[in-house]
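The values are calculated or read from the model by the stated rules, or taken from the named source; none is laboratory data. Note that the structure is a prediction, hence the values are computed from the model and not measured. FYI the Cβ positions are ideal-geometry reconstructions off the backbone, even for glycines, and counts take in every protein chain you see. What goes into the accessible areas is simple: the full protein's heavy atoms, side chains included, and nothing from ligands, DNA or RNA. Shrake-Rupley method; radii C 1.70, N 1.55, O 1.52, S 1.80 Å.
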Amino acid sequence: MKDHKKFYINGQWVSPLVANDFPVINPATEQTIATISLGNTKDVDIAVLAARQAFSSFGYSSVEQRISLLEALLKEYIDNYDKMAHAISLEMGSPIDFAINAQADCGKGHIASTLAVLKEFQFSRTLANAEISKEPIGVCGFITPWNWPINQIACKVAPALATGCTMILKPSEIAPLSAQLFSQMVHDAGYPAGVYNMVNGDGIGVGSAMSAHKDIDMISFTGSTRAGIAIAKSAADTVKRVTQELGGKSPNIILDDANIEKAVKRG
(Lines give C-alpha, C1' and ligand atoms only; values in the text may rest on other atoms or scores of the structure.)
Protein backbone atom coordinates (compact mmCIF):
# COMPACT_ATOMS: atom_id res chain seq x y z
CA MET A 1 0.00 0.00 0.00
CA LYS A 2 1.38 3.39 -1.00
CA ASP A 3 1.80 6.38 1.31
CA HIS A 4 0.75 9.61 -0.41
CA LYS A 5 0.11 11.75 2.66
CA LYS A 6 2.15 14.76 1.54
CA PHE A 7 0.96 17.81 -0.40
CA TYR A 8 2.89 19.61 -3.11
CA ILE A 9 3.29 23.25 -2.00
CA ASN A 10 5.82 25.87 -3.05
CA GLY A 11 7.96 23.41 -4.99
CA GLN A 12 8.21 20.82 -2.20
CA TRP A 13 6.42 17.74 -0.91
CA VAL A 14 5.28 18.76 2.57
CA SER A 15 3.37 17.07 5.37
CA PRO A 16 -0.08 18.38 6.31
CA LEU A 17 -0.28 20.60 9.35
CA VAL A 18 -2.63 18.11 10.98
CA ALA A 19 -2.62 14.40 10.14
CA ASN A 20 -5.97 13.23 8.77
CA ASP A 21 -5.50 9.89 7.03
CA PHE A 22 -7.92 8.81 4.32
CA PRO A 23 -7.89 5.43 2.51
CA VAL A 24 -7.86 5.24 -1.29
CA ILE A 25 -9.85 2.24 -2.48
CA ASN A 26 -9.70 0.56 -5.89
CA PRO A 27 -13.40 0.23 -6.84
CA ALA A 28 -12.69 -2.83 -8.98
CA THR A 29 -11.19 -4.86 -6.13
CA GLU A 30 -12.54 -2.93 -3.12
CA GLN A 31 -9.02 -3.11 -1.68
CA THR A 32 -7.23 -0.19 -0.04
CA ILE A 33 -4.33 0.73 -2.34
CA ALA A 34 -2.99 3.93 -0.78
CA THR A 35 -3.39 6.42 2.04
CA ILE A 36 -3.59 10.18 1.62
CA SER A 37 -4.11 12.96 4.13
CA LEU A 38 -7.03 15.36 3.98
CA GLY A 39 -5.98 18.98 4.30
CA ASN A 40 -7.67 21.86 6.06
CA THR A 41 -8.07 25.62 5.79
CA LYS A 42 -4.56 26.35 7.07
CA ASP A 43 -3.01 24.05 4.46
CA VAL A 44 -4.95 25.96 1.82
CA ASP A 45 -3.71 29.27 3.24
CA ILE A 46 -0.08 28.14 2.87
CA ALA A 47 -0.65 26.98 -0.70
CA VAL A 48 -2.45 30.19 -1.68
CA LEU A 49 0.33 32.32 -0.20
CA ALA A 50 2.89 30.38 -2.25
CA ALA A 51 0.81 30.86 -5.41
CA ARG A 52 0.27 34.56 -4.73
CA GLN A 53 3.98 35.16 -4.22
CA ALA A 54 4.88 33.16 -7.33
CA PHE A 55 2.42 35.12 -9.46
CA SER A 56 4.38 38.32 -8.88
CA SER A 57 7.05 36.93 -11.21
CA PHE A 58 5.42 34.10 -13.20
CA GLY A 59 2.55 36.39 -14.17
CA TYR A 60 5.10 38.49 -16.08
CA SER A 61 7.04 35.60 -17.63
CA SER A 62 7.56 35.63 -21.38
CA VAL A 63 5.64 33.48 -23.81
CA GLU A 64 8.93 31.85 -24.78
CA GLN A 65 9.56 30.85 -21.16
CA ARG A 66 6.10 29.37 -20.81
CA ILE A 67 6.43 27.47 -24.10
CA SER A 68 9.71 25.96 -22.91
CA LEU A 69 8.20 24.88 -19.59
CA LEU A 70 5.09 23.42 -21.21
CA GLU A 71 7.27 21.48 -23.66
CA ALA A 72 9.17 20.08 -20.69
CA LEU A 73 5.90 19.10 -19.00
CA LEU A 74 4.70 17.33 -22.14
CA LYS A 75 7.96 15.38 -22.27
CA GLU A 76 7.60 14.39 -18.61
CA TYR A 77 4.04 13.23 -19.29
CA ILE A 78 5.06 11.13 -22.30
CA ASP A 79 8.00 9.63 -20.41
CA ASN A 80 5.67 8.64 -17.54
CA TYR A 81 2.65 7.72 -19.66
CA ASP A 82 2.46 4.08 -18.56
CA LYS A 83 2.74 5.08 -14.90
CA MET A 84 -0.14 7.52 -15.37
CA ALA A 85 -2.34 4.88 -16.98
CA HIS A 86 -1.56 2.46 -14.15
CA ALA A 87 -2.38 5.07 -11.49
CA ILE A 88 -5.72 5.84 -13.14
CA SER A 89 -6.57 2.16 -13.44
CA LEU A 90 -5.92 1.68 -9.72
CA GLU A 91 -7.65 4.79 -8.39
CA MET A 92 -10.90 4.51 -10.35
CA GLY A 93 -11.02 0.82 -11.18
CA SER A 94 -10.70 1.44 -14.90
CA PRO A 95 -9.76 -1.47 -17.19
CA ILE A 96 -6.09 -0.98 -18.04
CA ASP A 97 -6.73 -0.85 -21.80
CA PHE A 98 -9.21 1.99 -21.30
CA ALA A 99 -6.81 3.78 -18.95
CA ILE A 100 -4.03 3.53 -21.55
CA ASN A 101 -5.99 4.33 -24.69
CA ALA A 102 -8.49 6.91 -23.40
CA GLN A 103 -7.93 8.18 -19.88
CA ALA A 104 -4.17 8.80 -19.90
CA ASP A 105 -4.27 9.95 -23.50
CA CYS A 106 -6.56 12.85 -22.54
CA GLY A 107 -3.89 14.35 -20.33
CA LYS A 108 -1.29 14.23 -23.06
CA GLY A 109 -3.77 15.66 -25.56
CA HIS A 110 -4.68 18.65 -23.39
CA ILE A 111 -1.06 19.57 -22.78
CA ALA A 112 -0.16 19.17 -26.46
CA SER A 113 -3.13 21.18 -27.71
CA THR A 114 -2.50 23.94 -25.17
CA LEU A 115 1.12 24.10 -26.30
CA ALA A 116 0.08 24.39 -29.94
CA VAL A 117 -2.34 27.23 -29.15
CA LEU A 118 0.22 29.03 -27.00
CA LYS A 119 2.73 29.09 -29.84
CA GLU A 120 0.24 30.95 -32.07
CA PHE A 121 -1.78 32.99 -29.56
CA GLN A 122 -1.67 36.79 -29.69
CA PHE A 123 -1.66 38.21 -26.17
CA SER A 124 -1.78 41.77 -27.47
CA ARG A 125 -3.09 43.42 -30.60
CA THR A 126 -3.89 46.88 -31.89
CA LEU A 127 -7.48 47.81 -32.66
CA ALA A 128 -7.85 51.25 -34.23
CA ASN A 129 -5.95 53.50 -31.81
CA ALA A 130 -6.26 51.11 -28.86
CA GLU A 131 -3.85 48.44 -27.63
CA ILE A 132 -5.65 45.34 -26.32
CA SER A 133 -3.66 43.11 -23.97
CA LYS A 134 -4.78 39.80 -22.48
CA GLU A 135 -3.34 39.15 -19.03
CA PRO A 136 -3.39 36.16 -16.66
CA ILE A 137 -6.24 36.15 -14.17
CA GLY A 138 -3.96 35.52 -11.20
CA VAL A 139 -4.24 32.73 -8.63
CA CYS A 140 -6.62 29.97 -9.71
CA GLY A 141 -8.25 27.25 -7.66
CA PHE A 142 -9.07 23.97 -9.43
CA ILE A 143 -11.39 21.30 -8.01
CA THR A 144 -11.57 18.12 -10.10
CA PRO A 145 -13.70 14.93 -10.07
CA TRP A 146 -12.90 11.22 -9.88
CA ASN A 147 -14.34 9.90 -13.14
CA TRP A 148 -11.91 11.39 -15.69
CA PRO A 149 -9.22 12.49 -13.26
CA ILE A 150 -6.23 13.47 -15.40
CA ASN A 151 -8.48 14.75 -18.18
CA GLN A 152 -9.97 17.34 -15.86
CA ILE A 153 -6.66 18.15 -14.18
CA ALA A 154 -4.82 18.73 -17.45
CA CYS A 155 -7.59 20.71 -19.14
CA LYS A 156 -7.60 23.17 -16.22
CA VAL A 157 -3.90 23.28 -15.30
CA ALA A 158 -2.29 23.38 -18.77
CA PRO A 159 -4.06 26.55 -20.02
CA ALA A 160 -3.43 28.26 -16.66
CA LEU A 161 0.29 27.49 -16.90
CA ALA A 162 0.31 28.65 -20.52
CA THR A 163 -1.17 32.05 -19.69
CA GLY A 164 0.98 32.81 -16.63
CA CYS A 165 -1.46 31.99 -13.85
CA THR A 166 -0.49 30.28 -10.62
CA MET A 167 -2.74 27.73 -8.99
CA ILE A 168 -3.89 25.34 -6.29
CA LEU A 169 -5.33 21.97 -7.33
CA LYS A 170 -7.67 19.91 -5.17
CA PRO A 171 -8.14 16.57 -6.90
CA SER A 172 -10.86 14.14 -5.91
CA GLU A 173 -9.94 12.54 -2.62
CA ILE A 174 -11.19 9.17 -3.86
CA ALA A 175 -9.02 9.27 -7.01
CA PRO A 176 -5.87 11.19 -6.06
CA LEU A 177 -3.07 9.01 -7.46
CA SER A 178 -2.96 10.57 -10.93
CA ALA A 179 -2.73 14.03 -9.33
CA GLN A 180 0.22 12.91 -7.20
CA LEU A 181 2.07 11.71 -10.31
CA PHE A 182 1.11 14.81 -12.30
CA SER A 183 2.41 17.05 -9.51
CA GLN A 184 5.77 15.31 -9.68
CA MET A 185 5.79 15.84 -13.45
CA VAL A 186 5.25 19.58 -12.98
CA HIS A 187 8.11 19.63 -10.49
CA ASP A 188 10.44 17.70 -12.77
CA ALA A 189 9.53 19.94 -15.71
CA GLY A 190 11.17 22.81 -13.81
CA TYR A 191 8.27 25.10 -12.98
CA PRO A 192 9.21 27.75 -10.40
CA ALA A 193 8.22 27.07 -6.80
CA GLY A 194 4.69 28.18 -5.99
CA VAL A 195 3.40 28.28 -9.55
CA TYR A 196 1.61 24.95 -9.12
CA ASN A 197 0.40 23.61 -5.76
CA MET A 198 -1.63 20.53 -4.87
CA VAL A 199 -3.57 19.96 -1.64
CA ASN A 200 -5.60 16.81 -1.07
CA GLY A 201 -8.84 17.09 0.82
CA ASP A 202 -12.60 16.84 0.75
CA GLY A 203 -15.10 19.47 -0.30
CA ILE A 204 -15.86 20.63 3.22
CA GLY A 205 -12.28 20.93 4.44
CA VAL A 206 -10.40 22.14 1.35
CA GLY A 207 -12.90 22.88 -1.42
CA SER A 208 -14.92 25.32 0.67
CA ALA A 209 -11.73 27.05 1.89
CA MET A 210 -10.61 27.54 -1.70
CA SER A 211 -13.92 28.89 -2.99
CA ALA A 212 -14.13 31.45 -0.17
CA HIS A 213 -10.46 32.43 -0.13
CA LYS A 214 -9.88 36.16 -0.64
CA ASP A 215 -6.57 35.62 -2.45
CA ILE A 216 -7.88 33.16 -5.06
CA ASP A 217 -9.00 35.07 -8.14
CA MET A 218 -10.81 32.27 -9.97
CA ILE A 219 -12.39 28.92 -9.15
CA SER A 220 -12.90 26.21 -11.76
CA PHE A 221 -15.01 23.27 -10.57
CA THR A 222 -16.20 20.07 -12.19
CA GLY A 223 -18.64 18.00 -10.16
CA SER A 224 -22.15 17.84 -8.82
CA THR A 225 -24.77 20.56 -9.19
CA ARG A 226 -25.26 20.61 -5.42
CA ALA A 227 -21.60 21.35 -4.77
CA GLY A 228 -21.53 23.84 -7.64
CA ILE A 229 -24.30 25.86 -6.05
CA ALA A 230 -22.42 25.98 -2.75
CA ILE A 231 -19.19 27.03 -4.49
CA ALA A 232 -20.90 29.83 -6.43
CA LYS A 233 -22.46 31.19 -3.24
CA SER A 234 -19.19 30.96 -1.33
CA ALA A 235 -17.22 32.65 -4.11
CA ALA A 236 -19.66 35.55 -4.38
CA ASP A 237 -18.38 37.35 -1.29
CA THR A 238 -14.93 37.82 -2.86
CA VAL A 239 -16.33 38.47 -6.37
CA LYS A 240 -13.98 35.88 -7.88
CA ARG A 241 -14.55 34.40 -11.31
CA VAL A 242 -16.33 31.04 -11.26
CA THR A 243 -16.31 28.47 -14.06
CA GLN A 244 -18.27 25.27 -13.55
CA GLU A 245 -19.07 22.03 -15.36
CA LEU A 246 -21.87 20.44 -13.39
CA GLY A 247 -23.55 17.06 -13.48
CA GLY A 248 -26.95 16.82 -15.13
CA LYS A 249 -26.49 19.80 -17.41
CA SER A 250 -25.83 17.89 -20.67
CA PRO A 251 -28.98 16.18 -21.99
CA ASN A 252 -28.96 14.11 -25.14
CA ILE A 253 -30.82 15.71 -28.03
CA ILE A 254 -32.39 13.04 -30.26
CA LEU A 255 -33.70 14.21 -33.63
CA ASP A 256 -36.66 12.75 -35.52
CA ASP A 257 -34.56 10.73 -37.95
CA ALA A 258 -32.35 9.12 -35.25
CA ASN A 259 -32.42 5.44 -34.36
CA ILE A 260 -33.88 5.60 -30.84
CA GLU A 261 -32.48 2.27 -29.65
CA LYS A 262 -28.93 3.08 -30.79
CA ALA A 263 -29.13 6.59 -29.37
CA VAL A 264 -30.17 5.31 -25.95
CA LYS A 265 -27.42 2.68 -25.88
CA ARG A 266 -24.77 5.20 -26.89
CA GLY A 267 -26.10 7.95 -24.60
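Please verify whether region 70-87 includes one or more residues that are surrounded by 15 or more Cβ atoms within 10 Å (Cβ to Cβ) and touching a strand residue (DSSP E or B) at 6+ places or on another chain (Cβ under 7 Å).
no
Based on this model, can you work out whether K83 counts as closer than 17 Å to F182 by Cβ, basic (K, R), touching a helix residue (DSSP H, G or I) at 6+ places or on another chain (Cβ under 8 Å) and without any contact (Cβ under 8 Å) to a residue 60 or more places away in the chain? Give the derivation first.
On the way: closer than 17 Å to F182 by Cβ: yes; basic (K, R): yes; touching a helix residue (DSSP H, G or I) at 6+ places or on another chain (Cβ under 8 Å): yes; without any contact (Cβ under 8 Å) to a residue 60 or more places away in the chain: no.
When the stated conditions are applied, K83 does not pass them.
A quick yes/no check of all residues on (1) at pLDDT 95 or above; (2) under 29 Å from K2 (Cα atoms); (3) in a helix (DSSP H, G or I):
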| site | (1), (2), (3) |
| --- | --- |
| R66 | yes, no, yes |
| L74 | yes, yes, yes |
| A85 | yes, yes, yes |
| S89 | yes, yes, yes |
| D105 | yes, yes, yes |
| L115 | yes, no, yes |
| E135 | yes, no, no |
| C155 | yes, yes, yes |
| A162 | yes, no, yes |
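Return only the number of the condition from (1) assigned to a strand (DSSP E or B); (2) in contact (Cβ under 8 Å) with a residue 60 or more places away in the chain that P23 does not satisfy.
(2)
Kindly indicate which of I111, I100 is open to solvent by 30 Å² or more (accessible area, probe 1.4 Å), touching a helix residue (DSSP H, G or I) at 6+ places or on another chain (Cβ under 6 Å) and assigned to a helix (DSSP H, G or I). Break it down stepwise before answering.
On the way: I111 fails: open to solvent by 30 Å² or more (accessible area, probe 1.4 Å).
Just one listed residue meets the conditions, I100.
Restricting to region 120-133, name every residue that is part of a strand (DSSP E or B) and either surrounded by 11 or more Cβ atoms within 10 Å (Cβ to Cβ) or not acidic (D, E) (or both). Write out each step before concluding.
Residues of region 120-133 part of a strand (DSSP E or B): 124-127, 130-133.
Of everything in region 120-133, those that are part of a strand (DSSP E or B) and either surrounded by 11 or more Cβ atoms within 10 Å (Cβ to Cβ) or not acidic (D, E) (or both) turn out to be S124, R125, T126, L127, A130, I132, S133.
Anything in region 238-267 that is modelled with pLDDT under 95 and among the charged types (D, E, K, R)? List them, or say none.
Across region 238-267, the qualifying residues are E245, K249, D256, D257, E261, K262, K265, R266.
Return the pairs, sorted by first residue and then second, in which the second residue is open to solvent by 20 Å² or more (accessible area, probe 1.4 Å) and not in a helix (DSSP H, G or I), the first residue lies in region 97-118 and is farther than 22 Å from P136 by Cα, the beta carbons are less than 9 Å apart, and the residues are 6+ apart or on different chains.
So the pair list comes out as A102/W148; Q103/W148; C106/W148.
Kindly indicate whether any position in region 206-225 is outside any strand (DSSP E or B), open to solvent by 30 Å² or more (accessible area, probe 1.4 Å) and in contact (Cβ under 8 Å) with a residue 40 or more places away in the chain.
Yes, region 206-225 contains at least one residue that is outside any strand (DSSP E or B), open to solvent by 30 Å² or more (accessible area, probe 1.4 Å) and in contact (Cβ under 8 Å) with a residue 40 or more places away in the chain.
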